[in-house]
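To start, the structure under review is shown below, and the notes come after it.
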Amino acid sequence: MADVNCRCSRVVYVGNIGFHATEAELRDACELIGPVRSLRLAALDPATNKRKGYAFVEYADDETARSALRNLHGHLLRGRELRVGLAARPSSRRRGGGGGGDREPVGMEDAVHAASLVVSGRPLASVTRYLAARSRQEVREMVAALEATEQLKIPGLGTALEQAQRLLEMFAADEGEVARKKLKRASDEEHAKQSKVVGVQGFFTHRPLLLIYSR
């Protein structure tokens, strides 16, 4: 396991919670996996006066959180199967610091977060530190090399490969979010330009009337 714990890796998202399930019932279900440090149930939806059906649950460590991913997902509570996933890392981590470019080091926080997503084994601290010092391009090259030798069945290779793959998935998600924001910004700017054009056209359309009434 990585020698640094990021809090986000200890927090799981629990969805598909029945409207009639109580916080105590949800806590009891989550504590089947291990001690719960905190549980935050979504507030009532003012439109329906019902809970939104999800919660964030913090466990003591990332190993227990990973266990929840495997063992709590699909658990029946009030007739509904719970949906469990690791809570997303904070957006501030994606925007700045390590991992910000193809040639910059990934950084320890992202490497640790990737380790928290691994389910095939216990990620080694040495591998986490190694990945943290690599750039995105180097991680891509590493994954390609490991995939080519995966059939050798070297102990620990599969876990290291999965950790690097989780990093690549995080990169892809980051890049997708950046592209989405750029597209939205361009759309907003185009809309603003069109609004200005319409406003100017409207002014000149009504200007003769304004001149008449101003006399």
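Every number in this text was worked out from the coordinates using simple rules, so none of it is lab data. Since this is a predicted model, take the numbers as computed values, not measurements. Here the Cβ is made from the backbone with ideal geometry for all residues, glycine too, and neighbour counts use every protein chain on show.
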In nm, the gap between the two label points placed 7 Å beyond Cα toward Cβ at ASP102 and ARG27 is 5.1
Computed about the Cα centre, the charge dipole of region 11-86 from +1 Lys/Arg and -1 Asp/Glu charges at the Cβ has a magnitude in debye, to the nearest 20, of 300
Bounding extents of region 11-86 in its principal axis frame from Cα atoms, largest first in Å, are 38, 22, 19
For ASN16, other-chain or 5+-apart residues with amide H closer than 5 Å (H placed, Pro excluded) are ARG83
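With r as the distance between the Cβ atoms of ARG37 and ASN71 and R0 = 22 Å, compute the FRET efficiency 1/(1 + (r/R0)^6) and round to 0.05. Intermediate results must be reported in sequence, preceding the final value.
Details: r = 18 Å, r/R0 = 0.81.
The calculated FRET efficiency here is 0.80.
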Descending packing, highest mean Cβ count within 10 Å first, for 184-195, 125-136 is 125-136, 184-195
In nanometres, the difference between 0.36 nm per residue of separation and the alpha-carbon distance of THR149 and GLN137 is 2.4 nm
